[in-house]
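Here is the structure we will look at.
The values are calculated or read from the model by the stated rules, or taken from the named source; none is laboratory data. Not measured: the values here are computed from a predicted model. All Cβ positions, even for glycine, are placed from backbone atoms using ideal geometry, and neighbour counts span all protein chains on display.
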Amino acid sequence: MNRETAEGLAIQALAFVASDPQLLPRFLAISGIEAADIRNAAREPGFLAGVLQFILAHEPTLMSFAEAAGIEPALVGKALRALPHGNDDYERST
């Protein structure tokens, strides 16, 4: 998976989280971001990887997102590894 595709999936995941009244407060609490600051935070390296890590950390959330996005759940992990700060090997793979 290339970075552009991974970013697109992460943005889709962010929209999924933002539209869920239970997930959004949990994401904000875990990330320490205020709702008003999400747009600015999304420009920071690693933010999109953090969104995918949040999705991956809770299997029911992962399964729900994968179903809503029409993808296999394993694609979320592949997308994570294609993003900055998605794993320790990112810089060596670019």
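Would you confirm whether or not region 39-55 contains a residue that is over 13 Å from the mean Cα position of the chain (by Cα) and either at pLDDT 95 or above or more than 20 Å from residue 5 (Cα to Cα) (or both)? Looking through region 39-55, at least one residue is over 13 Å from the mean Cα position of the chain (by Cα) and either at pLDDT 95 or above or more than 20 Å from residue 5 (Cα to Cα) (or both).
Screening residue 9 on (1) over 12 Å from the mean Cα position of the chain (by Cα); (2) modelled with pLDDT of 95 or more shows it passes everything except condition (1).
Taking the criterion of being free of Cβ contacts under 8 Å to residues at least 24 places away in the same chain, assigned to a helix (DSSP H, G or I) and of a type in the set (A, V, I, L, M), the residues of region 20-58 that qualify are 24, 28, 29, 35, 36, 41. Taken over region 1-19, the criterion of being free of Cβ contacts under 8 Å to residues at least 12 places away in the same chain and either at positive phi or not in a helix (DSSP H, G or I) (or both) is satisfied by 19 alone. Scanning region 65-74 for residues being surrounded by fewer than 16 Cβ atoms within 10 Å (Cβ to Cβ) and in contact (Cβ under 8 Å) with a residue 24 or more places away in the chain gives a total of 2.
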